[in-house]
Amino acid sequence: MMRFELQIALRFLREGRAQSALIVGGVMVGVAVVVFISALVAGLQSNTIRRTLGAQAHIVAKPIEPMARVQIDAGDAGIARVQTAPRKVRSIDNWQQVMAAFEAVPGVVAASPMASGPAIALRGEGRNAVTLFGVDLARYDRIVDLRDKLTSGTLRLEPGDVLVGAELARDLGADVGERITLTDGTANSTGERFQIVGMIDPGNRDLSRRSVYLPLHVAQNFLGVPGGVTSIDLRVRDVFAADAVAARVARVAPLTVESWMLTNNQLLSALNAQSMATGMIRVFVSIVVMLGIASVLVVAVVQKTREIGILRAMGASRGQMLRVFLLQGGLVGLLGSVLGALLSAVLIFGFSHFVHGADGNPLFPITLTLPLLGYACITATLCGMLAAIAPARRAARLDPARAMRA
Amino acid sequence: MNASADVLRLSGIRKSYNVGTPVEAEILHGIDLRITRGEFTALIGPSGSGKSTLLNIIGLLEAPTSGEVDIAGHRVSHHDDDTLTRLRSQTLGFVFQFHHLLPAFSALENVLMPQIIAGHRVTAALQREALALLDAVGLGGAEHKKPAELSGGMQQRVAIARALSIRPALVLADEPTGNLDTKTAADIFTLLRAFNRDFGTSFLIVTHDPRLAATCDRRVTLADGQIVSDERTAPM
Ligand SMILES: Nc1ncnc2c1ncn2[C@@H]1O[C@H](COP(=O)(O)OP(=O)(O)O)[C@@H](O)[C@H]1O
Ligand SMILES: [Mg+2]
């Protein structure tokens, strides 16, 4: 039923070949830039989040720091405990019940106990300050995907086994199957010997240099908190809802509950700023493209004044003339965006294959998603029609008798 | 006389330009005119007398400042633009001095354009009809040529075929032979006459050529926005 409008719109576009090509090219470049930058930023952000979250729990619940305790309710048993237990390692009361309660909180998908504290790792001349992570491997693996981060050896934690950060192993000159000694650093400690069964790359150099994973009960004894845990790690369904879930978790038990969003506050604001910049690029590119389409169509209406008059004399209505020009805007947007999508695919292919990091690997994976392409094409088409409104109204309002005299 | 026998009735048509400004000027000063079915009428008069303005008003391309226009029994005042457009596309055909073909479309497409505008699917039957019209105006075989590839006389023939494609009750022709040589002009008139005879279509033709005007059934003369004479050739 729009056959006439479509036919005329296409013919008008074909007639003004150079102008049409120019503006389609403009839309193409605009769409390609927006799609490429959007995909790039999405890839960068998901990569950053994956790396950041890969090594840490979404939410960590810990005993409240003694300082806070002193200020809130001085004279409480907490202070007595601080005074009677001078060790820095503090454990969570009734952690089994607390953990079960956490698991019932909506949004939480996994919980894992952790006994962690400082130690010194020794091997030959090597001597490194490390952090012990005493974990229940089956549970911990659901919080942080260790299997994915194992660079060599096997993922297992029997008594006497340790998994160590790859950088730490290098510093100590130790390999899988070799032994290291862990001590609490005090003069009278002789330390215990452990066998390295695997190496972990947590994706973060600092963590890799100081991480030692060992069975939960071994760590508990080593750190002097038999049966106790120093924190409970949680995994949530939606990483960006971690804040909200953390607030719900905090109401379950009197613990300090921190989400990754709190501890990575700066990262999050950087990501937000990035998203905002991308949004602004989208808006400005859209405006520029729309101005381009509008100006070309304004010229086209002037150039086609006579034809518009002829068409009107032959029975074309104002509405039909309006749609002829709206369609031209939409067609330019659609064609330009389809070509732009193809161009962005080429750009992304080039980026993934020819741009490498210092290590020779691609920087991070970028994928062109169908929703992004659909969004770009629909937006460009709508923008084209929007830009065409003013010129199309001019065409529709033309007085046919006067138009034919032009 | 039966009202439906009139394809056109004008009463008291006045037209002013630039109304309400210091340069306001009345171009037509009260025109009364009736054209009956099948009449072949010449509209003559000096340049600037208002012939084109009158034709545009009859063609519903311009509204009169006052007065009434009846086309094929429809009183057109107070109609909205869409209704006028529909009436125009169903009852009126136009032929202008400067052909006014669509340059991007072939001769055949130009002839089919009124049908396409009306939303009709271009069927084989419609296409055959358009080709027959092109044949009748002597353009058989040139249907795929663009206007720029045709001579002035040929372009005017395409415009005539286009005007007739909707089988209009009245064809309005504004100096259709104005920029054609004498021989071609006479041929075009013969062609219009043939359609008038074969289909009973009424014609109102603006011309400056007295000899061509003399071949018409009726000559209406306009001077300074008024009809100063209206003579009919006595039937033989
Ligand atoms: N749109 C317009 N605005 C103002 N004056 C006009 C307009 N169109 C025509 N005229 C004037 O109306 C008069 C009649 O013009 P026109 O109908 O074209 O005469 P003709 O076709 O008989 O030569 C002329 O003086 C012309 O200048
Ligand atoms: Mg004139």
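The values are calculated or read from the model by the stated rules, or taken from the named source; none is laboratory data. Keep in mind the model is a prediction, meaning the values are calculated, not measured. Neighbour counts are summed over all protein chains in view; Cβ atoms, including those assigned to glycine, are modelled from backbone coordinates with ideal geometry. What goes into the accessible areas is simple: the full protein's heavy atoms, side chains included, and nothing from ligands, DNA or RNA. Shrake-Rupley method; radii C 1.70, N 1.55, O 1.52, S 1.80 Å.
Report yes if B:I205 is in contact with a Cys (Cβ under 9 Å, 6 or more places away or on another chain) and aliphatic (A, V, I, L, M), otherwise no. Give the derivation first.
Details: in contact with a Cys (Cβ under 9 Å, 6 or more places away or on another chain): yes; aliphatic (A, V, I, L, M): yes.
In short, yes.
May I ask you to say which residue of A:M385, A:M404, A:M321 is in a helix (DSSP H, G or I) and within 16 Å of ligand 2 (Cβ to nearest atom)? Lay out the reasoning, then the answer.
Numbers: A:M385 fails: within 16 Å of ligand 2 (Cβ to nearest atom); A:M321 fails: within 16 Å of ligand 2 (Cβ to nearest atom).
Just one listed residue meets the conditions, A:M404.
Return the residues of region A:346-372 that are open to solvent by 40 Å² or more (accessible area, probe 1.4 Å) and either of a type in the set (A, V, I, L, M, F, W, C) or not assigned by TED's automatic domain parsing to the domain that holds A:V285 (or both); say none if nothing qualifies.
Looking only at region A:346-372, we keep the residues that are open to solvent by 40 Å² or more (accessible area, probe 1.4 Å), and these are A:346-347, A:349, A:353-356, A:358-363, A:365, A:367-371.
The answer is A:V346, A:L347, A:F349, A:F354, A:V355, A:A358, A:L363, A:L368, A:L370.
With the condition being open to solvent by 60 Å² or more (accessible area, probe 1.4 Å) and either more than 9 Å from chain A (Cβ to nearest Cβ) or closer than 20 Å to B:D198 by Cα (or both), I'd like the helices (runs of 4 or more DSSP H) fully within region B:78-141 carrying at least 2 qualifying residues.
Values: elements: B:81-91, B:107-117, B:124-136.
Of the helices (runs of 4 or more DSSP H) lying wholly inside region B:78-141, those with at least 2 residues that are open to solvent by 60 Å² or more (accessible area, probe 1.4 Å) and either more than 9 Å from chain A (Cβ to nearest Cβ) or closer than 20 Å to B:D198 by Cα (or both) span B:124-136.
Considering region B:162-174 alone, what residues qualify as being within 16 Å of ligand 2 (Cβ to nearest atom) and either within 12 Å of chain A (Cβ to nearest Cβ) or surrounded by fewer than 21 Cβ atoms within 10 Å (Cβ to Cβ) (or both)? Working first, answer last.
Step one: of region B:162-174, the residues within 16 Å of ligand 2 (Cβ to nearest atom) are B:172-174.
Residues satisfying the conditions are B:L172, B:D174.
I want to confirm something. Restricting to region B:142-155 and keeping residues that are open to solvent by less than 20 Å² (accessible area, probe 1.4 Å) and away from every other protein chain (no Cβ under 14 Å), which single residue is farthest from ligand 1 (Cβ to nearest atom)?
Looking only at region B:142-155, we keep the residues that are open to solvent by less than 20 Å² (accessible area, probe 1.4 Å), and these are B:142, B:147, B:150, B:153.
Checking which are away from every other protein chain (no Cβ under 14 Å) leaves us with B:142, B:150, B:153.
Details: B:A142: 30, B:L150: 25, B:G153: 22 Å.
Per the stated criteria, the residue is B:A142.
Take A:F4 and tell me if it is among the aromatic types (F, W, Y), part of a helix (DSSP H, G or I), away from every other protein chain (no Cβ under 11 Å) and surrounded by 17 or more Cβ atoms within 10 Å (Cβ to Cβ). Spell out how you get there, then give the answer.
Values: among the aromatic types (F, W, Y): yes; part of a helix (DSSP H, G or I): yes; away from every other protein chain (no Cβ under 11 Å): no; surrounded by 17 or more Cβ atoms within 10 Å (Cβ to Cβ): yes.
No, not satisfied.
Taking region A:98-125 only, how many residues are open to solvent by 20 Å² or more (accessible area, probe 1.4 Å) and either outside the structural domain of A:L168 (by TED's automatic domain parsing) or over 33 Å from the mean Cα position of the chain (by Cα) (or both)?
Matching residues across region A:98-125 total 5.
Could you grab the pairs with beta carbons closer than 7 Å, sequence gap of 6+ or different chains, first residue in region B:18-44 and at positive phi, second one within 12 Å of ligand 1 (Cβ to nearest atom) and outside any loop (DSSP other than H, G, I, E, B)?
Listed by first residue and then by second, the contacts come to B:N18/B:A25.
Having 3 or more residues that are within 16 Å of ligand 1 (Cβ to nearest atom), surrounded by 14 or more Cβ atoms within 10 Å (Cβ to Cβ) and away from chain A (no Cβ under 14 Å) is the bar; report the strands (runs of 3 or more DSSP E) wholly within region B:177-234 that clear it.
Details: elements: B:202-206, B:218-223, B:226-232.
Fully inside region B:177-234 and qualifying: B:202-206, B:218-223.
Which of the strands (runs of 3 or more DSSP E) found entirely inside region B:1-76 contain at least 1 residues meeting this: within 13 Å of ligand 2 (Cβ to nearest atom)?
On the way: elements: B:6-17, B:25-36, B:40-44, B:66-71.
Because the criterion is at least 1 residues that are within 13 Å of ligand 2 (Cβ to nearest atom), the strands (runs of 3 or more DSSP E) in region B:1-76 that meet it are B:25-36, B:40-44.
Say whether the condition of being within 16 Å of ligand 1 (Cβ to nearest atom), at pLDDT 90 or above and over 24 Å from A:A396 (Cβ atoms) is met by at least one residue in region B:162-173.
Of region B:162-173, the ones within 16 Å of ligand 1 (Cβ to nearest atom) are B:172-173.
Filter once more, so that each one left must be at pLDDT 90 or above: B:172-173.
Now drop any that are not over 24 Å from A:A396 (Cβ atoms), which leaves B:173.
Looking for residues that are within 16 Å of ligand 1 (Cβ to nearest atom), at pLDDT 90 or above and over 24 Å from A:A396 (Cβ atoms), one finds at least one in region B:162-173, hence yes.
Within region A:287-315, count every residue that is within 14 Å of another protein chain (Cβ to nearest Cβ) and either more than 30 Å from B:L170 (Cβ to Cβ) or not charged (D, E, K, R) (or both).
Of all residues in region A:287-315, those within 14 Å of another protein chain (Cβ to nearest Cβ) come to A:300, A:303-315.
Checking which are either more than 30 Å from B:L170 (Cβ to Cβ) or not charged (D, E, K, R) (or both) leaves us with A:300, A:303, A:305, A:308-311, A:313-315.
Going through region A:287-315 one residue at a time, the tally reaches 10.
What do you reckon, is A:L334 at pLDDT 95 or above, open to solvent by 20 Å² or more (accessible area, probe 1.4 Å) and part of a helix (DSSP H, G or I)?
On the way: at pLDDT 95 or above: yes; open to solvent by 20 Å² or more (accessible area, probe 1.4 Å): yes; part of a helix (DSSP H, G or I): yes.
Yes: the conditions hold for A:L334.
Mind telling me which of the residues A:I196, A:I180, A:I232, A:I200 ends up being more than 23 Å from A:Q56 (Cβ to Cβ) and crowded, with 17+ Cβ neighbours inside 10 Å?
Details: A:I196 fails: more than 23 Å from A:Q56 (Cβ to Cβ); A:I232 fails: more than 23 Å from A:Q56 (Cβ to Cβ); A:I200 fails: more than 23 Å from A:Q56 (Cβ to Cβ).
Result of the check over A:I196, A:I180, A:I232, A:I200: A:I180.
Examine region A:163-173 for a residue that is over 30 Å from A:I59 (Cβ atoms) and buried (at least 16 other Cβ atoms within 10 Å of the Cβ), and state whether such a residue exists.
Here is the first cut: in region A:163-173, the residues over 30 Å from A:I59 (Cβ atoms) are A:170-173.
So of that shortlist, the ones also buried (at least 16 other Cβ atoms within 10 Å of the Cβ) come out as A:171-172.
Yes, that holds for at least one residue.
Taking B:A159 as the residue in question, decide whether it is in a helix (DSSP H, G or I) and touching a Pro at 6+ places or on another chain (Cβ under 7 Å).
Numbers: in a helix (DSSP H, G or I): yes; touching a Pro at 6+ places or on another chain (Cβ under 7 Å): no.
Judged against the criteria, B:A159 is not a match.
Which ones in region A:7-18 are over 44 Å from the mean Cα position of the chain (by Cα) and open to solvent by less than 30 Å² (accessible area, probe 1.4 Å)? Write out each step before concluding.
So in region A:7-18, the residues over 44 Å from the mean Cα position of the chain (by Cα) come out as A:7-8, A:11-12, A:15-16.
A:I8, A:F12, A:G16 - these are the residues of region A:7-18 that are over 44 Å from the mean Cα position of the chain (by Cα) and open to solvent by less than 30 Å² (accessible area, probe 1.4 Å).
Of all residues in region A:316-325, count the ones that are within 7 Å of another protein chain (Cβ to nearest Cβ) and buried (at least 23 other Cβ atoms within 10 Å of the Cβ).
Matching residues across region A:316-325 total 1.
Just to be sure I understand, how many residues within region A:130-146 are closer than 14 Å to A:A55 by Cβ and assigned to a helix (DSSP H, G or I)? Walk me through it before giving the result.
First, the residues of region A:130-146 that are closer than 14 Å to A:A55 by Cβ: A:131, A:133, A:135, A:140-141, A:143-146.
Still in the running and assigned to a helix (DSSP H, G or I): A:140-141, A:143, A:146.
Qualifying residue count, region A:130-146: 4.
List every residue pair whose Cβ atoms lie under 6 Å apart, where the two residues are 6 or more positions apart in sequence or sit on different chains, the first residue falls within region A:164-190 and is hydrophobic (A, V, I, L, M, F, W, C), and the second residue, located anywhere, is open to solvent by 50 Å² or more (accessible area, probe 1.4 Å).
Close Cβ pairs (under 6 Å, with a partner that is open to solvent by 50 Å² or more (accessible area, probe 1.4 Å)) amount to A:A166/A:T151; A:A166/A:D201; A:L168/A:R209; A:L172/A:R123; A:A174/A:R123; A:I180/A:R123; A:L182/A:E192.
Looking at region B:26-60 only, could you name the residues that are of a type in the set (V, I, T), more than 8 Å from ligand 1 (Cβ to nearest atom) and within 14 Å of chain A (Cβ to nearest Cβ)? Steps first, please.
Of all residues in region B:26-60, those of a type in the set (V, I, T) come to B:27, B:31, B:35-36, B:41, B:44, B:53, B:57-58.
Those still in the list that are more than 8 Å from ligand 1 (Cβ to nearest atom) too: B:31, B:35-36, B:41, B:44, B:57-58.
Selection gives B:I57, B:I58.
Considering only region B:15-41, state which residues are among the hydroxyl-bearing types (S, T, Y) and farther than 30 Å from B:R232 by Cβ. Lay out the reasoning, then the answer.
Our first condition is that a residue be among the hydroxyl-bearing types (S, T, Y); within region B:15-41, this holds for B:16-17, B:21, B:36, B:41.
Scanning region B:15-41 gives B:S16, B:Y17, B:T21.
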